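Okay, structure first, notes after.
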Amino acid sequence: MGTKSEENLKEAFAGESQANRKYLAFAKKANEEGFSQVAKLFRAAAEAETVHAHNHLRALKGIKSTKENLQEAIGGETHEFKSMYPGMMEAAKSEKNDAAFQTFHFANEVEKIHASLYSKALENIGKNELVDYYVCPYCGNTVEKAAPDKCPICGAPGKSFIKIA
């Protein structure tokens, strides 16, 4: 266990990170309901929360070399698909919570892909190969080079995939 300040930084990082994601979801909903000004405010606050989260992570010395960051990312993604999500899926199944099961299943499948992509990036570090990535807006499936005709995880049409800049 770290110092009280380190524990506080970890808690603040988690809270600011969650606020960022929540506010972006709120902005999307506000836009859908025609409240573009409120959406803009949510996006502005989300960006500020990102600044806070990054500051907290820096204070924790949580950002290392790219090679170390890739290794940490591989470990995190692997933990999620091997340990975290299977238990969550089992609980959702036993509780007959289909929505929870589906979102955990989608995430579990995609975390395997992320771990693989990070491993590939680690192997190729320094080669500076240019590869495009596309993300399914429904399940998060992440693919290289081109979007598929149909998402193999959730069945969404490939044309809905988002190209990452």
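Bear in mind that the values in this text are calculations on the coordinates, not laboratory data. Here the structure is a predicted model, which means the values were calculated and not measured. So basically every Cβ, Gly included, is an ideal-geometry build from the backbone, and we count neighbours across all protein chains shown.
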Fluctuation leader among Gln71, Gln37, Gln102 - the chain, Gaussian network, Cα springs under 10 angstrom: Gln37
In the range 65-143, trypsin sites (Lys or Arg not before Pro) in a DSSP loop with at most 11 other beta-carbon atoms within 10 Å: Lys96, Lys127
In the range 93-165, GluC sites (Glu not before Pro) in a DSSP loop with at most 11 other beta-carbon atoms within 10 Å: Glu95, Glu129
Listed pairs Lys22/Lys93; Lys67/Lys127; Lys120/Lys150; Lys40/Lys163; Lys10/Lys120; Lys82/Lys112 exceeding 19 Å between Cα atoms: Lys22/Lys93; Lys120/Lys150; Lys40/Lys163; Lys10/Lys120
Cα pair distances in the range 7-135, grouped into 10 Å bins until the bin that holds the longest one, percent each: 12, 24, 38, 24, 2
Dipole of the chain, positive end: most advanced residue of Ala73, Phe101, Ala48 [Cβ charges, Cα centre]: Ala48
The chain - mean residue ellipticity at 222 nm from DSSP helices (-39,500 (n - 2.57) per run, n ≥ 4, rounded to 500): -21500 deg cm²/dmol
Relative contact order for the chain, counting Cα pairs under 8 Å that sit 6 or more residues apart, in percent: 15 percent
Estimated dipole of the chain in Debye, rounded to 20 [Cβ of Lys and Arg +1, of Asp and Glu -1, Cα centre]: 280 debye
Rg/Rh for the range 64-127, where both radii come from Cα atoms and Rh is the Kirkwood radius: 1.14
Computed Kirkwood radius, in angstrom, where 1/r is averaged over Cα pairs of the range 4-59: 11.6 Å
12 Å beta-carbon shell around Ser116, net charge (K/R +1, D/E -1): -3
Ranked list, fewest to most other Cβ atoms within 10 Å of each Cβ, for Ser36, Ser116: Ser36, Ser116
Low-density loop positions, GluC sites (Glu not before Pro), the range 1-83 - DSSP coil, at most 16 other Cβ in 10 Å: Glu33
Shape of the range 95-165, Cα gyration tensor, a/c cut at 1.5: oblate
The range 38-132: relative contact order as a whole-number percent, Cα under 8 Å and 6+ apart: 32 percent
